[in-house]
1. Please arrange A:Leu53, A:Leu94 by how many other C-beta atoms lie within 10 Å of their C-beta, fewest to most.
2. For segment B:63-103, which trypsin sites (Lys or Arg not before Pro) pass both filters: DSSP loop (anything but H, G, I, E, B) and at most 12 other C-beta atoms within 10 Å?
3. With a cut-off of at most 13 other beta carbons within 10 Å, and DSSP calling the residue loop, which GluC sites (Glu not before Pro) in segment A:47-102 qualify? Please list them.
4. Give me the dipole magnitude in Debye, nearest 20, for chain B about the Cα centre, with unit charges on the beta carbon: positive for Lys and Arg, negative for Asp and Glu.
5. What distance in nm lies between label points placed 7 Å from Cα along the C-beta direction at A:Leu46 and B:Asp102?
6. From Cα coordinates alone, what are the radius of gyration and Dmax values for the protein assembly as shown in angstrom?
7. As an exercise, identify the chymotrypsin sites (Phe, Trp or Tyr not before Pro) in segment B:54-134 lying in DSSP coil whose Cβ has no more than 13 other Cβ atoms within 10 Å.
8. Which semi-axes, in whole Å and largest first, does the equivalent ellipsoid of segment A:1-120 have when worked out from the alpha carbon gyration tensor as the square roots of 5 times its eigenvalues?
There are 2 protein chains.
Amino acid sequence: MLSKKTKYGLKALAFLASREDRKPVQIAEIARHENIPQKFLESILLTMRKGGLLGSKKGKGGGYYLFKDPEEIQMTAVMRVLEGPIAMVPCVSLNFYEKCDDCPDENRCAVNKLMIAVRDSALEVYRHTTLADIIR
Amino acid sequence: MLSKKTKYGLKALAFLASREDRKPVQIAEIARHENIPQKFLESILLTMRKGGLLGSKKGKGGGYYLFKDPEEIQMTAVMRVLEGPIAMVPCVSLNFYEKCDDCPDENRCAVNKLMIAVRDSALEVYRHTTLADIIR
DNA sequence: GTATACTCTATTAAATCTATAGGATAAATA
DNA sequence: TATTTATCCTATAGATTTAATAGAGTATAC
């Protein structure tokens with residue numbers, strides 16, 4: 001299940017991308033427009049900034065803005081920053097690999113086999129979808 | 001993230017499928033062989049039986065057995081029984097549809113668009129993968 | 001009729017997710 | 001330089017979900 005964090009984060013990105021200019025937008029405005037609890041959104045935007053998806057500016061006239069053009073923001077990056085690993089089990093994760101402690105041999109593991117296929121199909125979608133694609 | 005319930009359930013199915021005959025196998029044997037807490041596995045097997053994936057037999061010589069041949073058991077069915085909806089958000093679920101309360105218009109929702117694509121790619125994998133495919 | 005093995009309900013412990021509070025910091029500007 | 005504005009950061013509370021266990025009930029084989 002997609003977390004609310006990711007859902008809200010995607011909506012915030014889409015909102016920023018849909019705006020004409022790239023001037024900073026305040027948290028309050030995004031929250032209001034997208035029906036997101038402001039304080040929660042605050043922490044989400046922060047992780048996206050730290051994850052390299054957004055830039056920010058403090059003080060009057062400040063806010064958050066897209067670092068790159070929507071066409072250049074892949075869903076792979078967005079999902080990794082917001083939701084974490086794309087793989088459904090750590091033992092098939094490309095960026096967050098971890099061995100299962102209950103499984104003696106990955107190569108003979110049925111779960112492993114299936115989850116590699118699922119991971120690859122999800123990656124295929126995320127890699128070919130940019131922020132620009134989902135706002136139209 | 002894949003729940004342990006689903007992971008254990010898949011392993012149990014794979015174990016049953018890998019056996020020569022289709023005689024009932026006891027919970028204790030599956031639990032031992034696959035490193036699964038027995039009581040937990042008990043409840044998982046029960047839901048799989050209720051979900052039409054397994055048959056069971058009580059009393060001496062009893063246990064669980066596959067209802068159909070591994071080639072005929074689609075991952076779509078398995079995942080729905082164990083993990084629930086394949087969609088990551090209820091508003092794009094085929095079998096468990098629910099409207100989002102924070103979203104005024106699905107057709108213009110960026111999350112909706114992306115998650116439909118992800119759902120379809122996962123379905124593509126699950127539909128073309130059977131229990132027989134993942135045990136080899 | 002007794003041992004066997006699944007069935008069912010209830011409960012607990014741990015982990016994760018969602019949300020909020022409040023003060024710290026940086027920038028603009030008057 | 002004082003004030004206002006808006007992000008930054010840490011901590012924490014509450015709710016929900018997941019993982020696991022306990023124990024009594026029920027059907028079957030022999």
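The numbers here are math on the coordinates, done by the rules we state, and not lab data. Only a predicted model underlies this, so the values are computations on that prediction, with no experimental measurement involved. In this analysis, Cβ positions are derived from the backbone assuming ideal geometry, glycine residues included, and neighbour counts consider all displayed protein chains.
1. Going from least to most buried by this count: A:Leu94, A:Leu53.
2. Passing both the DSSP loop test and the Cβ count: B:Lys99.
3. Loop-located and lightly packed - A:Glu98.
4. Dipole about the Cα centre, nearest 20: 700 debye.
5. The answer from the label model is 1.7 nm.
6. Gyration radius and largest Cα-Cα distance of the protein assembly as shown: 21.8, 77 Å.
7. Qualifying residues, ordered by number: B:Phe96, B:Tyr97.
8. They are 35, 14, 12 Å, listed largest first.
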